Amino acid sequence: MMLGILRRRVATGGSSYTILLHPRGFGHVCNFSHLTSPGRSVSSASMRDFASIELVAPKQLWSRPFSSDGGDSIDVVVPFMGESITDGTLAKFLKNPGDRVEVDEPIAQIETDKVTIDVASPEAGVIKEFVAKEGETVEPGTKVAVISRSGEDVAHVAPSEKIAEKAVPKNASAPQEKKDEKPKPTMEKSKTTAPPPPKPSATEPQLPPKERERRVPMTRLRKRVATRLKDSQNTFAMLTTFNEVDMTNLMKLRSDYKDAFVEKHGVKLGLMSGFIKAAVSGLQNQPIINAVIDGDDIIYRDYVDISIAVGTPKGLVVPVIRNADRMNFAEIEKEINTLAKKANDGTISIDEMAGGSFTISNGGVYGSLLSTPIINPPQSAILGMHSIVTRPMVVGGNIVPRPMMYIALTYDHRLIDGREAVFFLRRIKDIVEDPRRLLLDI
């Protein structure tokens with residue numbers, strides 16, 4: 001839907017007014033009496049001036065990605081992609097010319113530096129042609145395809161059908177030799193043997209042939225991640241501190257109540273909710289870790305929005321669990337499942353990834369034993385979880401096997417001192433090793 005704004009300066013009684021007309025005013029009788037001040041009215045002569053109104057500075061908003069002239073053809077255009085996104089790359093078409101599409105059925109995907117956006121069909125019909133090409137940079141409002149409502153005069157193309165280029169014979173342009181023409185005698189030249197090529201030195205590196213390499217362009221999401229990580233490395237004074245956690249009690253809690261938890265809440269009880277609750281408690285005890293530097297000031301956040309790093313086939317995304325300090329275990333688990341599913345399906349929105357005051361990255365799901373995570377700007381710290389490994393531990397003077405996990409906190413040393421960072425990790429360790437502390441708030 002395209003909205004145009006009409007502006008006209010009208011002078012009356014020594015005063016001037018700016019009249020704004022909505023496009024719905026075309027062909028309709030509009031009452032402008034509410035735009036004048038009390039006791040004043042717009043003269044008929046001024047109203048006649050509306051005949052010369054000009055269309056200026058239209059603001060374009062797309063509730064549906066199309067435009068139409070009222071005929072059989074419908075132009076499919078790129079929809080609004082978000083406040084902070086000005087363009088994207090047309091990654092691929094999901095349909096082919098001649099395919100039948102229904103209302104709101106995706107026909108193309110646009111890749112931005114944050115999310116992948118579907119371009120949906122505004123009406124049912126048949127794809128007439130594609131105007132844009134895959135790999136092109138497109139903006140909101142860019143025409144990418146044309147759909148025919150009736151489907152008439154549309155060439156149907158099968159998905160696997162391709163136009164094969166005819167190979168041109170090498171000797172097509174060369175004149176054929178006459179059969180009766182005898183070859184001209186040539187004088188034999190003295191045969192000289194060329195020297196063999198020098199053998200490569202033993203110290204000279206042997207590079208692999210180019211045909212064994214593949215070059216593909218980086219996706220916008222990967223380029224965005226690379227830029228943010230490098231900016232983080234260049235901006236923050238990053239330091240990482242470590243600790244280890246005995247997972248026995250948290251794992252036993254999950255094992256004892258997993259069936260009852262699923263029966264009541266409809267979602268499985270995982271370990272992530274326990275660490276999020278522990279992180280919330282740690283941030284409340286050490287509020288400087290939940291703060292951020294802004295110029296010469298420190299901004300303390302009186303809320304806890306936890307970002308969860310999720311690896312997807314297209315790259316790393318970080319959805320946010322809002323107000324995690326007000327949520328219980330079941331609410332956290334439901335939100336994690338919802339956001340993770342959207343992230344893997346590519347349907348997560350920009351708003352669901354914006355903000356966040358602290359990040360948790362669980363590399364343990366991939367088998368990582370130990371790592372130093374990089375801060376997610378503009379936050380000041382990130383917690384890294386790792387794999388659970390049974391190791392011999394000394395408990396009560398005896399060596400016993402225990403499921404242990406290394407945890408790491410990378411923090412901005414410009415803002416956070418080692419004391420606060422160590423106390424934060426100790427709080428994580430205390431709560432995970434004895435979840436009853438959450439109930440008693442000790």
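The values are calculated or read from the model by the stated rules, or taken from the named source; none is laboratory data. Since this is a predicted model, take the numbers as computed values, not measurements. Cβ placement follows ideal geometry from the backbone for every residue including glycine, while neighbour counts extend to all protein chains displayed. The protein model used for the area step is the full one, side chains on, heavy atoms only, and it has no ligands, DNA or RNA in it. Shrake-Rupley method; radii C 1.70, N 1.55, O 1.52, S 1.80 Å.
Here are a few things to note about the model shown:
- In Hz, Karplus ³J(HN,Hα) per residue of the range 110-124 (6.51, -1.76, 1.60; θ = phi - 60°; x = Gly, Pro): 10, 9, 10, 7, 10, 9, 9, 10, 8, 9, 9, 6, x, 9, 6
- The range 99-140 - accessible surface per residue (Å², probe 1.4 Å): 44 Å²
- For the range 324-367 and the range 94-108, distance of Cα centres in Å: 31 Å
- For the pair Ala260 and Leu438 in one chain, pulling the backbone fully straight at 0.36 nm per residue adds 62.1 nm over the alpha carbon distance.
- For Glu105, the amide hydrogen comes within under 5 Å of the amide hydrogens of Ser121, counting only partners 5 or more places away or on other chains and with H modelled in the peptide plane.
- The label point for Thr241 and the one for Lys210, both projected 7 Å from the Cα toward the Cβ, are 5.3 nm apart.
- Per residue, the range 246-337 exposes 52 Å² of solvent-accessible protein surface, assessed with a 1.4 angstrom probe and all protein chains in place.
- ³J(HN,Hα) computed for each position of the range 206-216 - Karplus, 6.51 cos²θ - 1.76 cosθ + 1.60, integer Hz, glycine/proline x: 9, 7, x, x, 5, 5, 9, 10, 10, 10, 10
- The packing ranking, built from the mean of other Cβ atoms within 10 Å per residue, places the peptides 357-363, 126-132, 368-374 in the order 357-363, 126-132, 368-374, highest first.
- Calculated on alpha-carbon atoms, Rg and Dmax of the range 296-442 in Å: 16.8, 52
- Shape call, the range 214-327: gyration tensor on alpha carbons, a/c limit 1.5: oblate
- In order along the range 267-280, the Karplus-derived 3J(HN,Hα) couplings, from 6.51 cos²θ - 1.76 cosθ + 1.60 at θ = phi - 60°, round to 8, 6, 8, x, 7, 5, 5, x, 6, 5, 5, 5, 5, 4 Hz, and Gly and Pro are given as x.
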